[in-house]
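A short worksheet on the structure shown next.
FYI, it's all coordinate maths here, none of it is from the lab. All figures in this text were calculated on a predicted structure; none of them were measured in a lab. Cβ sites come from the backbone with ideal geometry, for glycine too, and all protein chains shown count toward neighbours.
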Amino acid sequence: MPVALGLPTPKELAVATQAARESTWGMKYPPKRLAPLPGWIRVKFYSHIYKIRHEMLPDMEGEVMLHPNGGLDTRRVCRLWNLEQCAPVDPERWIPVERADPNWLSPLAIRVLSERNNCLLFIEPTPLSPSTAHKRAFREAAIHLQTSLYLFSSLSVSITSTTVSSCYDCTKRGSSVVLHGWDWLDKRTKFPELFRNIFFLVLWPLSWMIAKTQESAMGKYMESTSKSCRKRYRRTMQSYHVLWMKEQMHWFVLMLCMGIMAAGLFWLLGALDDARYQAMALLRQPSVLARAEASGGIVGGGSMGF
């Protein structure tokens with residue numbers, strides 16, 4: 001079944017499940033998962049079959065509703081974790097189970113596969129289709145880009161605040177030694193020279209403005225009274241805050257525009273994929289009906305084989 005671009009991938013859901021599981025490790029009485037309701041069955045997903053062999057914890061687990069006759073439509077499992085396909089695994093032989101209908105598990109198959117653990121084990125068959133692989137790769141790249149922009153924005157705010165606080169302290173003490181926000185690149189880490197130069201080029205205009213403001217404030221402080229100096233310094237700091245706010249607004253507008261563009265692209269690709277899937281289904285339906293009428297068969301009903 002087609003996978004939407006706007007929904008989280010199984011890898012993202014597995015990371016969230018592991019984080020929730022680790023958050024309960026320090027609890028004295030961790031919460032326990034309740035037994036499935038009547039007519040439901042527990043399902044577990046493993047990213048690789050070796051995890052089943054070594055009896056490792058599942059990447060994800062949940063409950064799905066059975067058909068009234070006791071069978072299971074495996075497309076419900078796919079929708080639960082946004083899988084393209086899913087294959088049940090034999091817990092005794094550790095191999096995927098072959099089925100006559102890839103979207104159906106008979107009541108007998110469910111009884112045999114869940115006899116050992118009272119649950120069904122699933123994996124996602126590989127390789128994935130090119131469409132699904134491209135969607136997941138694009139979504140992962142977009143998430144990494146968003147995280148990188150957020151980290152660089154936080155870093156720029158931290159460096160700017162360090163430089164401003166150093167200028168303020170130097171103005172109060174009358175010292176000419178200024179601690180720049182990028183000094184930690186040389187003192188605490190072995191940062192490559194290229195990145196140090198990049199940070200210098202990006203922050204040099206801001207440093208020049210601060211240096212000019214400091215020189216003006218110090219000269220006027222020596223010429224005027226302490227009261228007038230405090231007033232001028234206050235006005236200088238206010239103008240600097242305005243410049244700093246403008247710079248942060250540029251970051252915010254950039255991230256907002258990229259987010260809107262990414263959301264629009266996600267929606268467009270998802271709509272195109274759903275339209276393609278529905279068109280293919282409509283094109284295939286007349287041919288299926290024609291073959292059934294020609295053979296004298298009855299349309300409907302599926303294989304309930306194991």
Quiz item: Considering the zone a paramagnetic label at SER129 would reach in this model (a point 7 Å from Cα along the Cα-to-Cβ line), which residues of segment 235-275 have amide N under 12 Å from it?
Solution: 273-275
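What full-extension length gain, to one decimal in nm, is calculated for GLN278 and ARG76 as 0.36 nm per residue of separation minus the Cα-Cα distance? Spell out each step's value before the answer.
Details: separation 202, 0.36 × 202 = 72.72 nm, distance 1.84 nm.
Net length gain for the segment: 70.9 nm.
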Quiz item: Taking neighbour counts of Cβ atoms within 10 Å as a proxy for exposure, in what order, fewest first, do CYS78, CYS86 appear?
Solution: CYS78, CYS86
Quiz item: Taking K and R as +1 and D and E as -1, what net charge do the other residues with C-beta under 12 Å from the C-beta of GLY270 add up to?
Solution: +1
Self-check item: Spin-label proximity, ARG116 to segment 35-54 - amide N less than 19 Å from point 7 Å beyond Cα toward beta carbon
Solution: 42-54
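Go through segment 12-58 and name the trypsin sites (Lys or Arg not before Pro) that are in a DSSP coil and have 16 or fewer other Cβ atoms within 10 Å of their Cβ. Don't skip to the end; give the middle numbers.
Numbers: sites: ARG21, LYS28, LYS32, ARG33, ARG42, LYS44, LYS51, ARG53; in loops: LYS28, LYS32, ARG33.
Sites meeting the loop and neighbour criteria: LYS28, LYS32, ARG33.
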Quiz item: Can you list the residues, at least 5 places off or on another chain, whose amide H is less than 5 Å from the amide H of GLU63, using H built in the peptide plane?
Solution: VAL43
Practice problem: Report ³J(HN,Hα) in whole Hz for each residue of segment 16-24, in order, from the Karplus equation J = 6.51 cos²θ - 1.76 cosθ + 1.60 where θ = phi - 60°; Gly and Pro get x. | Solution: 5, 5, 5, 5, 5, 5, 5, 5, 9
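Among 1-13, 92-104, what's the highest-first ranking by average C-beta atoms within 10 angstrom per residue?
Working: 1-13: 16.8, 92-104: 13.5.
Put in order of decreasing packing, that is 1-13, 92-104.
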Exercise. Mind ranking 255-267, 108-120 by how tightly packed they are, going by the mean number of other C-beta atoms within 10 angstrom, highest first?
Key: 108-120, 255-267
